[in-house]
Structures are given as C-alpha cells and as structure tokens.
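Everything below concerns the one structure shown next.
The values are calculated or read from the model by the stated rules, or taken from the named source; none is laboratory data. Small disclaimer: the values here were computed from a predicted structure and weren't measured. Heads up, the Cβs are rebuilt from the backbone with ideal geometry, glycines too, and the neighbour counts pull from every protein chain shown.
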Amino acid sequence: MRYDNRDRWDYFPPSVPIPVKNGLKVKSTHGKIGETWWSTRWVAFLESLNMGARLGRGKSYARRGQVMNMNIQPGLVTANVQGSRPKPYVVTIRLTPLSAVEWDKVIDAMASQALFAARLLAGEMPENIEEAFKAAKVSLFPARSKDLDSDCSCPDWANPCKHVAAVYFLLAEEFDRDPFMVFKLRGKAKEDIIHALRERRTHAAESEAVQDEEKSQVLSEKVSTAPARLDNFWGIGPEMASFRVKIAPTEVPLAILKRLGPPPFWEGKTDVMDILAKVYDLAGKEALRLAYDGDEDNPKK
C-alpha cells in the first residue's frame, strides 16, 4: 500500500542517483519547464499537487537525465527512472481516455469552428481548444489529483514521488514538441483526429454546396419573375455608402496547402509543398501590394 501526499508521509531521506548514460533530459537547464501554454497548464497542475521538495527533486532528475526511457500510449505512460539503487524504478502514469462518444462530440465541436479546424489541420494547437472539450462536457487536462493515477516501484511512501515527477516534467516538454501528444494521452492519435476533421469539413462543404445550389435556384426563379426597373439599373443605391472591402493576410498561413497535403500526382524529388508555399507567399504579397499600393496601413477607400 502506498500513501499519497495528503497522508503526511512526506519525508524520505535524500539520496544521490546513479548517473545514466544517454538518459532523457529536458531542454530547460534552469527556471520553469515548458514553453507553450498547454505544457504550462500541465506543469501548473503538477504544482497544484503540493508535492513539496519532491517536485524540485523530480525537476532535478529530469534535468540530469535520470529517466532512461518513456513510452506514451492512449491513457498510459510508462518509464524507467534510475534512482540511487542499481535497479531502475518502474513508473506508471494513467489518465482515463475519453470514450468514443465523447471524442465524437469534441471533434464535432472542433469541426464546427473553421479556425479550430484550420489550425489543427495545420498541426497547430489553438489557444482556446479547451472550448471544444467543454462543449462536450469533458476536460482535456486533468483538473483534480484523482484524475491522474500514478505509481512507482521505489520505496518512497509518497505518491507522486520524485521519480514520477521527473516523468511528468519530461511529458511537459514532449507536449511542447508535439501538442497532439496531449490528445493521445486522452485516447486519440493525431492521425485519427486529422482524418475525422477532414471528413467532417468535407461533409460540411458538400452540404453548403447543396444549400448554395438550392438558394441559386430560388434566386433564379425570383429574378425571372422580378419586374424590370431599367430607369435606375446603373445607379448606386444608398446601401453602397457603407460597403467596405479589406484585404488582409490569412490568420493561418498556407492553411489550404496544409489541409490538403502533398498532391498524389507529384513524383519530383523536391518537396512540392516548399515550392507551393513560396508561390502562395509571393502571390499574397503581390495581392496586398496591388490592393494597397504597397502600403498595407493605408488601404484604398
């Protein structure tokens, strides 16, 4: 039986760990660990567990490379951490994956907002992505200590111990490297999310096309029966006084290219995405130059 930190078994004699060759190290050599908002959220959750000195020791272990290996699976993280004893300790961290029904609701919420879908399809993590999870009445990150179940084979009574903390910090930087690892820990791989989003966006585009065609037919019928008003046909109505057009760069650079991916017919050695990216960039800059005479801050009226 192991006690968590609320049971006051919070003292264990400090020891010097056996050095590890080629162990996993965090990039941060001092200060905080984690650069992005999502890894910062993860570390903030660790700090809320009131681990005391063990959190600092775990950070030291992560910086010294005491974590020998780490494996991330849906809802499960396993690792071997070298402590002061010859045999490495086995660390296990479990986070309950979302159910298939919950993931469907989350992905529906993601797909319903074009900016969410565009950023995710471009491999980026939207800052307000948690709104999609709230819409499905679930959480992306753990909110309470009982949301995470951790265990270590070390003799320390406290849980989480410094070995578990070291793995937590390694996870934070892994989330920096690949934000989709947060989703994987919740039970959904990046490829599955991208595929599901593309399917939903394609279906939505097809539905919009059908609706547009139906609207076009209705308008055509109205036009054919509309009375002719040739006396003011070429005039500009008062509604045009407030009409404005603003041309600006897209919020997500190269979103269409990133969403579609490399064309299936391309067989050249050069990466076609690099070529097209340059073309799109030059075309966008030229469009802005023509629209604003080279001055984006002073658009034509």
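If you go through the range 47-76, how many residues are farther than 16 Å from Leu148 by Cβ and not polar (S, T, N, Q)?
Residues meeting the conditions: 12.
Give me a count of the residues in the range 244-278 that are assigned to a helix (DSSP H, G or I) and loosely packed, with under 11 Cβ neighbours inside 10 Å.
Going residue by residue through the range 244-278, those that are assigned to a helix (DSSP H, G or I) are 255-260, 272-278.
Now restrict to residues that are loosely packed, with under 11 Cβ neighbours inside 10 Å: 274, 278.
Total satisfying the criteria: 2.
Would you pick out the residues in the range 168-189 that are in contact with a Gly (Cβ under 8 Å, 6 or more places away or on another chain) and either aliphatic (A, V, I, L, M) or not assigned by TED's automatic domain parsing to the domain that holds Ile129 (or both)?
Of everything in the range 168-189, those that are in contact with a Gly (Cβ under 8 Å, 6 or more places away or on another chain) and either aliphatic (A, V, I, L, M) or not assigned by TED's automatic domain parsing to the domain that holds Ile129 (or both) turn out to be Ala172, Leu185.
Between Arg63, Arg41, which is in the same structural domain as Asp176 (by TED's automatic domain parsing) and under 19 Å from the mean Cα position of the chain (by Cα)?
Numbers: Arg63 fails: under 19 Å from the mean Cα position of the chain (by Cα).
On inspection, the qualifying residue turns out to be Arg41.
For a quick check of your reading: which strands (runs of 3 or more DSSP E) sit entirely within the range 68-177 and have at least 3 residues that are buried (at least 17 other Cβ atoms within 10 Å of the Cβ) and at pLDDT 90 or above? Explain how you work it out, then say what you get.
Values: elements: 76-81, 89-95, 148-152.
Result: 76-81, 89-95.
Restricting to the range 52-67, name every residue that is surrounded by 16 or more Cβ atoms within 10 Å (Cβ to Cβ), part of a helix (DSSP H, G or I) and not charged (D, E, K, R). Outline the logic, then answer.
Taking the range 52-67 first, the residues surrounded by 16 or more Cβ atoms within 10 Å (Cβ to Cβ) are 54-55, 57-59, 61-67.
With the extra rule that they be part of a helix (DSSP H, G or I), the set shrinks to 54-55, 57-59, 61-64.
Leu55, Gly58, Tyr61, Ala62 - these are the residues of the range 52-67 that are surrounded by 16 or more Cβ atoms within 10 Å (Cβ to Cβ), part of a helix (DSSP H, G or I) and not charged (D, E, K, R).
Could we say that Glu206 is modelled with pLDDT under 65, surrounded by 10 or more Cβ atoms within 10 Å (Cβ to Cβ) and either out of contact with any Ser or Thr (no Cβ under 7 Å at 6 or more places or on another chain) or not assigned by TED's automatic domain parsing to the domain that holds Met51 (or both) here? Break it down stepwise before answering.
Values: modelled with pLDDT under 65: yes; surrounded by 10 or more Cβ atoms within 10 Å (Cβ to Cβ): yes; either out of contact with any Ser or Thr (no Cβ under 7 Å at 6 or more places or on another chain) or not assigned by TED's automatic domain parsing to the domain that holds Met51 (or both): yes.
Considered against the rule, which asks whether it is modelled with pLDDT under 65, surrounded by 10 or more Cβ atoms within 10 Å (Cβ to Cβ) and either out of contact with any Ser or Thr (no Cβ under 7 Å at 6 or more places or on another chain) or not assigned by TED's automatic domain parsing to the domain that holds Met51 (or both), Glu206 comes out as yes.
Name every residue in the range 257-283 that is closer than 19 Å to Ala114 by Cβ and at pLDDT 75 or above, in order of residue number. Step through it out loud before you land on a result.
Step one: of the range 257-283, the residues closer than 19 Å to Ala114 by Cβ are 257-261, 280.
Hit for the range 257-283 is Tyr280, nothing else.
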